[in-house]
Structure formats: C-alpha cells, structure tokens
Amino acid sequence: MSYFDDALTQDLDAIRAAGLRRELRRVDSPQGARVTLDGRELRNFSSNDYLGLANHPALKEAAIRAVEKFGAGAGASRLICGSLAPYHELEEALAAFKRTEAALTFSTGYAAALGTISALVGKDDVIILDKLVHASIVDAARLSGAKLRVFKHNDGADLEERLQWAREVQGPKSKVQGRAPRVLVITESVFSMDGDLAPLRDLVELKDRYGAWLMIDEAHATGLFGTHGRGLADAHEVSARIEIQMGTLGKALGASGGYICGSRTLIDLLVNRARSFIFSTAPVPAAAAAARAGIELVQSNEGEERRVRLWSLIDQLKNALVGQRWQPPVVQSAIIPLLVGAEAEAVDLAASLREKGFFIPAIRYPTVARGTARLRVTLTAAHTAEDVRELAAALNGGAPRSADR
Ligand SMILES: *Cc1c(COP(=O)(O)O)cnc(C)c1O
C-alpha cells in the first residue's frame with residue numbers, strides 16, 4: 001500500500017474507533033415505503049421524501065418528457081450556453097408557490113447556501129447562526145469570510161445579545177467600501193435532526209428591530225407546513241418579511257436541486273454573484289421538470305390528502321411510543337428523533353432494527369453533537385397505518401437501553 005493510502009487508513013481507523021465510521025448501503029429499488037437494501041426488502045423510515053413523491057408517476061412522467069424534449073444533459077452553466085425553458089418554468093412556479101417576486105434554482109440546496117451567503121456578505125459583515133443549523137449553512141458562512149456568531153438554539157434573547165454585539169462592533173455610521181456593514185441572521189424553520197420549529201415571528205421582530213437581514217432554510221418545511229405546503233414562514237404569516245427563503249427540491253418536493261426565493265433584486269444579484277450558480281453546469285433539465293411537477297402536486301388536492309395522511313401517521317406513531325421505551329418529541333414535524341446518546345449504541349440499535357426489517361439511520365457526530373447520537377425516524381405519506389404499527393412494535397420491544405441519555 002502506498003504512503004498515501006497508509007495515511008488515509010490511519011484516519012479511517014480513528015473514525016472507526018470513535019464509532020463514527022459510515023458506509024454506503026446499496027439500494028436496488030426506487031425510494032419508497034419499502035426499499036431493497038443489500039438484497040432484502042426493508043421498511044424504509046429513513047427518507048426525507050415526506051410526501052412520497054420521489055417515485056410518483058406525475059414526477060416521473062414530467063422528467064421523461066423533459067428528457068425527450070430537452071435531452072439528458074444541460075451543456076454548461078446557464079449563463080454560458082443559454083438557460084433552458086424548464087428552469088424558467090420551475091422558477092416561475094416556485095415564486096408563485098412561495099409568493100415571492102422571484103426565485104433562482106441551484107443544483108442542490110447545499111450549492112444554494114454556499115453561493116447565496118457568500119454573495120450577500122463578506123469580511124466586514126456579521127453572520128449570526130442558530131446553533132443547530134445545517135452543515136451547508138455553516139460551511140457557507142465560513143466561506144463568506146464574515147464574522148461568525150452563534151445563538152442558542154431557538155433562543156430569541158440570546159440572538160438579541162449577538163445583535164447588540166454586532167451593532168457595537170459595527171458602529172452606527174461605519175462604512176466599508178462605500179456601503180453599510182451588514183448583519184445576516186440564519187436559521188432553519190424546521191430543524192433537520194430534531195424536527196422542532198423556529199419561533200419565526202420572534203426572529204422576524206428582532207431582525208427588524210436591529211435592521212438585520214433574515215435567511216431561513218425551509219428544507220424540512222416546504223411541502224408540509226402552511227397553506228398548500230408553502231412552508232413555515234407562510235404558516236406563521238411572516239413570509240413577506242423574510243429577505244431570503246432557501247430550500248431544497250429534493251425532500252418533500254420529490255426531485256433534486258436547491259432554491260432561493262425572494263425579491264427580484266435578490267435574484268438578479270445572485271445571478272451575478274453566486275459562484276456555485278455561475279461556475280457550475282446547470283442541473284439536468286429532467287430534474288427541473290420533476291421538481292416543477294412536485295410543486296404542482298403539493299398544491300393540489302392530492303397533495304393536501306397526502307399531508308393529511310402523513311400527519312395522521314405521525315400522530316399514530318407518537319401515540320404508540322408514548323409511555324414506553326422512547327420519548328417522542330412534542331413538536332409536530334415528520335422528523336421523529338429518538339435520542340440514544342452513545343454513538344456505538346445508536347449504530348447497534350440501527351443494526352438490530354435492520355435485522356428486524358426496518359431501515360432507520362443512526363445519526364451521529366458530526367451531523368449532531370457528540371454524545372447526542374439518535375435514531376432519526378421519518379414518516380412519509382407513502383407509509384400505511386400497518387407500517388407504523390409494526391414500526392412501533394419493533395421500537396417498543398427488545399431489551400431496554402443500557403445507557404441513560
Ligand atoms: C438537506 C438539507 C440541505 C441541503 O439540501 P440538498 O438539496 O440536499 O443539498 C440544506 N439544509 C437543510 C436543513 C437540509 O436538511
């Protein structure tokens with residue numbers, strides 16, 4: 001083995017010793033309530049395809065039609081070889097769905113965060129993040145070079161202290177390169193690993209009071225919350241007061257890609273400055289067409305029926321778990337984290353559930369803080385009451401946990 005592989009093997013050994021080794025598991029079926037994993041059919045409780053759209057005939061049909069009309073590949077960045085119609089149709093549909101002036105799509109949500117945050121703030125500015133925001137936002141904030149501060153999870157009072165601090169360091173009249181220094185607050189609306197909800201009204205009041213900007217990541221809320229699934233900002237009636245609304249097309253919307261919704265000016269600036277948009281080949285047209293079909297579907301009667309079914313399955317699971325081995329969260333989202341604590345124990349539990357025919361991921365550091373490993377159960381509208389009954393029985397059964405949380 002070369003000295004290169006020797007060095008990497010040491011790294012991998014350290015990862016394994018910490019109980020943090022990860023592996024890909026091959027699936028030979030579409031995503032759905034059941035998946036074929038390593039040749040076995042398992043009940044799938046791991047997916048963010050909350051409305052069961054990833055394998056929906058309407059999305060597949062839209063993707064196939066786009067391939068037939070626009071081909072398989074995109075050719076180049078949209079600024080170089082022209083911008084195919086499916087992206088424009090998708091962006092119009094997104095802006096109408098989110099009720100913003102405009103929208104811009106990226107190849108992933110991760111790329112949307114990376115490109116957008118660095119386009120808006122730089123080294124003379126301040127970013128204030130909720131402690132539990134997604135890795136894409138943390139990476140983007142670091143890349144921007146802005147001064148970074150973190151506020152306690154969902155804690156408005158703590159955010160206010162950081163806003164006060166920013167006001168003091170920036171001073172009332174200071175100007176950098178001819179413009180006033182900026183403060184950007186970023187949070188998720190539904191948190192990806194805890195399933196809890198941000199107090200959006202309080203955050204909007206605060207950022208307005210301090211003249212800061214607010215960016216929210218609706219990755220786990222779009223399609224599920226608000227009228228027609230517009231998101232939590234819509235549900236809390238603060239959508240028009242939030243400068244930057246981000247999300248993914250790859251979760252409840254059933255396809256792939258990331259988006260930013262906001263004013264026309266914001267979108268025009270991103271087209272000029274978001275490096276992950278400018279210097280990256282456009283997504284395949286089929287992805288844009290599928291996402292657009294997903295947006296239509298979540299706003300349809302069928303979308304509403306799927307949301308109703310999902311919320312009823314969530315209630316069913318929580319009721320079946322209460323008072324038993326696990327403490328399900330009180331807040332309502334499709335993400336049900338079951339806290340284990342020790343990394344190795346979470347992995348063992350996930351393995352034993354897999355043996356019983358249930359695919360539920362063990363979520364560990366660095367996705368969550370060390371010592372807060374958990375099983376992350378997600379329900380989708382593609383599940384049945386019977387699926388949930390069997391899941392609850394499997395979770396409630398078995399030997400008691402060895403470690404306290
Ligand atoms: C999944 C996710 C993203 C990234 O979106 P992709 O389209 O998967 O790249 C960003 N933020 C949050 C909170 C997410 O859960």
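The values are calculated or read from the model by the stated rules, or taken from the named source; none is laboratory data. Everything numeric in this text was worked out from a predicted model, so none of it was measured. Here Cβ is always computed from backbone atoms with ideal geometry, including for glycine, and neighbour counts include all displayed protein chains.
List of remarks:
- Residues located in segment 103-128, provided they are within 15 Å of the ligand (Cβ to nearest atom), buried (at least 22 other Cβ atoms within 10 Å of the Cβ) and over 20 Å from residue 264 (Cβ atoms): 109, 113, 114
- Which numbered condition residue 95 misses (of (1) of a type in the set (A, V, I, L, M); (2) near the ligand (Cβ under 10 Å from one of its atoms); (3) part of a helix (DSSP H, G or I)): (2)
- Within segment 269-282, being more than 20 Å from residue 117 (Cβ to Cβ) and either within 14 Å of the ligand (Cβ to nearest atom) or surrounded by fewer than 19 Cβ atoms within 10 Å (Cβ to Cβ) (or both) holds for one residue alone: 281.
- Per this entry, residue 266 is counted among residues that are buried (at least 19 other Cβ atoms within 10 Å of the Cβ), modelled with pLDDT of 95 or more, aliphatic (A, V, I, L, M) and more than 16 Å from the ligand (Cβ to nearest atom).
- Residues that are assigned to a loop (DSSP other than H, G, I, E, B), among the aliphatic types (A, V, I, L, M) and within 12 Å of the ligand (Cβ to nearest atom), drawn from segment 227-262: 249, 252, 253, 255
- Of the helices (runs of 4 or more DSSP H) contained entirely in segment 277-382, those carrying at least 1 residues that are of a type in the set (Ser, Thr, Tyr) fall at 301-321, 343-355.
- Residue 4 being among the hydrophobic types (A, V, I, L, M, F, W, C) and without any contact (Cβ under 8 Å) to a residue 24 or more places away in the chain: yes
- Of the residues examined, residue 151 is not one that is among the aromatic types (Phe, Trp, Tyr) and within 16 Å of the ligand (Cβ to nearest atom).
- Residue in segment 193-201 that is within 16 Å of the ligand (Cβ to nearest atom), in contact with a helix residue (DSSP H, G or I) (Cβ under 9 Å, 6 or more places away or on another chain) and more than 23 Å from residue 338 (Cα to Cα) present: yes
- Only one entry of 168, 160 meets the criterion of being more than 13 Å from the ligand (Cβ to nearest atom) and at pLDDT below 95, and that entry is 168.
- Matching entry among 353, 310 (being within 28 Å of residue 23 (Cβ to Cβ) and modelled with pLDDT of 95 or more): 353
- The condition (being at pLDDT 95 or above and touching a helix residue (DSSP H, G or I) at 6+ places or on another chain (Cβ under 7 Å)) is satisfied by just one residue among 146, 63: 63.
- Candidate set: segment 79-135, residues that are acidic (Asp, Glu) and in contact with a Pro (Cβ under 9 Å, 6 or more places away or on another chain); chosen: the one nearest to residue 202 (Cα to Cα): 125
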